[in-house]
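The values are calculated or read from the model by the stated rules, or taken from the named source; none is laboratory data. Computed from a predicted model, the values in this text were never measured in an experiment. Glycine also receives a Cβ, built like all others from the backbone with ideal geometry; neighbour counts cover every protein chain displayed. Each accessible area value is taken on the protein alone, full model and side chains, heavy atoms only, with ligands, DNA and RNA left out. Shrake-Rupley method; radii C 1.70, N 1.55, O 1.52, S 1.80 Å.
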Amino acid sequence: MSLTVSQARIQELLNVLVAAGSGDYDVRVRLEENDDALLDVEIGINYLLDDLVDRRDQNEAQEEELLTRARLLARQQEELVQALSTPVIAVWPGVLALPLVGRIDDARAATITAVLLERVAAERASHVILDLTGVAAIAGATMPALLRMVRAIGLLGAQCLLTGIRAEVAPQIVALGGADIHVRALAQLSDALALVLAEKGQLDLPST
Amino acid sequence: MPFRYEELVTPRGRPYVRVHVSGDISLGDAEEYVTRFLGPYRGRHVLSVVASGTEYSAKARKHLLSMSDAGPHATVTTSALVRAAINLMTRFANTGKYRVFADEFEAMAWLDDQEA
């Protein structure tokens with residue numbers, strides 16, 4: 001079987017194939033009522049391009065869905081980290097405790113301060129116990145942030161207590177000017193709670 | 001509607017469904033068509049007359065390929081484009097008894113010869 005085909009049709013096919021090969025799947029072979037075998041090939045190429053467009057659209061939709069899920073996960077993770085980084089616990093009516101863990105930079109200190117002050121005001125807290133048991137080292141930015149936090153708590157009329165200062169952390173606090181913080185420091189959170197309850201007349205401390 | 005159905009009888013008295021096809025065929029149209037031929041018209045002989053300019057969307061084409069166990073099907077069209085499109089679609093599908101004709105009398109004779 002022989003087939004006579006015009007140069008223009010061959011050129012058209014080649015142009016479409018080159019465009020598709022470059023990633024443009026929206027091109028199509030111009031079809032005319034040529035009753036020959038090449039018409040099947042031309043239509044076949046167009047159908048193949050339709051398929052490629054379909055798969056490209058599916059891929060784009062899946063990619064978009066993955067991005068949406070990734071964004072949602074990132075937001076949930078951020079919320080979780082924020083919630084875990086400021087676990088303010090009401091250990092007694094009017095007494096709040098905040099165990100600090102990890103590095104505290106300016107941004108985190110600002111978040112912690114905001115959350116803590118809100119709780120102090122909302123619960124009319126008289127005492128706030130900042131527990132540093134989970135703080136292995138005081139970075140340069142941590143001390144000023146801690147100082148600001150203590151001063152802000154004092155401005156709301158609450159008394160601040162520090163607990164859990166590790167032996168290796170104490171010199172760092174002094175070196176960074178932390179000794180200027182006029183707050184009571186106790187060994188453990190339970191000691192601070194006992195002291196507060198004793199001040200409130202709700203616990204008799206054994207005389208030493 | 002791109003599909004119009006008639007229930008008729010061949011010259012030898014065999015019942016068949018004549019389908020007039022024209023226009024742009026969407027996925028919805030194809031779904032309706034397949035539902036008929038896998039449902040109430042299952043196994044029926046079919047003569048479809050497809051007009052020039054009829055276009056099948058990519059999704060419609062794929063869905064029509066799912067109709068694999070239909071009865072004998074003769075398509076009549078005078079359009080080379082439509083004939084090439086249907087030929088290509090039937091290459092992908094294991095459609096069994098399917099032929100494309102340019103002449104309706106030939107198509108009817110072939111259809112009448114097919115076993116039910």
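Which parts of region A:1-28 would a label at A:VAL41 reach, counting a residue when its backbone N lies under 20 Å from a point 7 Å out along Cα-to-Cβ?
Those under the cut-off are A:1-22, A:27-28.
Using only Cα atoms, tell me the angle between helix B:27-37 and the longest principal axis of chain B; keep it within 0 to 90° and round to the nearest 10.
Approximately 20 degrees, to the nearest ten.
Tell me the carbon and sulfur percent of the accessible area for region A:5-157, rounded to whole percent, probe radius 1.4 Å.
That fraction is 58 percent.
Taking all pairs of different Cα atoms in region B:1-68, averaging 1/r and flipping that mean, what Kirkwood radius in angstroms comes out? Intermediate values should be presented prior to the final figure.
Working: mean 1/r = 0.0804 Å⁻¹.
In region B:1-68 this quantity evaluates to 12.4 Å.
Based on the inverse mean of 1/r over its pairs of different Cα atoms, what is the Kirkwood hydrodynamic radius of region B:36-102, in Å?
Roughly 12.2 Å, rounded to one decimal.
How tilted is helix B:80-92 with respect to the longest principal axis of chain B? Cα atoms for both, answer in degrees (0 to 90, nearest 10).
With rounding to tens, the tilt is 90 degrees.
Give me the 1.4 Å probe accessible area per residue for the protein assembly as shown, excluding ligands and nucleic acids, in Å².
Roughly 56 Å² per residue, with all protein chains present.
Amide H of A:LEU161 versus every other amide H placed in the peptide plane: which residues, excluding those fewer than 5 positions away on the same chain, fall under 5 Å?
For A:LEU161, the qualifying residues are A:VAL128, A:ILE129, A:LEU130.
Using a probe radius of 1.4 Å on protein heavy atoms only, what is the accessible area buried between chains A and B, both sides summed, to the nearest 100 Å²? All intermediate terms of the calculation are to be shown ahead of the outcome.
Details: alone 13090 and 6360 Å², together 18250 Å².
Summed over both sides, the interface buries about 1200 Å².
Grab the beta carbon distance between B:SER57 and A:LEU14, set R0 = 22 Å, and tell me the FRET efficiency rounded to 0.05.
With R0 = 22 Å, the Cβ-Cβ based efficiency is 0.25.
Sorting check: for A:61-71, A:15-25, A:88-98, which peptide has the highest mean count of neighbouring beta carbons within 10 Å, and how do the rest follow?
Highest to lowest by the protection proxy: A:88-98, A:15-25, A:61-71.
Give the Kirkwood hydrodynamic radius (Å, one decimal) of chain B, defined as one over the mean of 1/r across all pairs of different Cα atoms.
It works out to 14.0 Å.
Compute the FRET efficiency between A:LEU48 and B:ARG12 as 1/(1 + (r/R0)^6), taking r as their Cβ-Cβ distance and R0 = 41 Å, and round to the nearest 0.05.
My answer for the efficiency is 0.50.
Summing Lys, Arg as +1 and Asp, Glu as -1, what charge do residues with Cβ under 11 Å from the Cβ of A:GLU32 carry, A:GLU32 excluded?
So the surrounding residues net to -3.
What does the structure give for A:47-56 when I average, per residue, the other chain Cβ atoms found within 10 Å of the residue Cβ?
Partner Cβ neighbours, averaged per residue: 2.
List the residues whose amide H sits under 5 Å from the amide H of B:GLU55, counting only those 5 or more places along or on another chain, with H placed 1.01 Å from N in the peptide plane.
Answer set, sorted by chain and number: B:GLY23, B:ASP24, B:ILE25.
Which cross-chain or sequence-distant (5 or more) residues have an amide H under 5 Å from the amide H of B:VAL100, H modelled 1.01 Å from N in plane?
Placed amide hydrogens put B:THR75 under 5 Å from B:VAL100.
Taking θ as phi - 60°, what are the ³J(HN,Hα) couplings along region A:22-28 by the Karplus curve (6.51, -1.76, 1.60), each to the nearest whole Hz, with x for Gly and Pro?
8, x, 8, 8, 8, 6, 9
Helix B:104-113: angle to the longest alpha-carbon principal axis of chain B, degrees 0 to 90, nearest 10?
Long axis of B:104-113 versus the principal axis of chain B: about 60 degrees.
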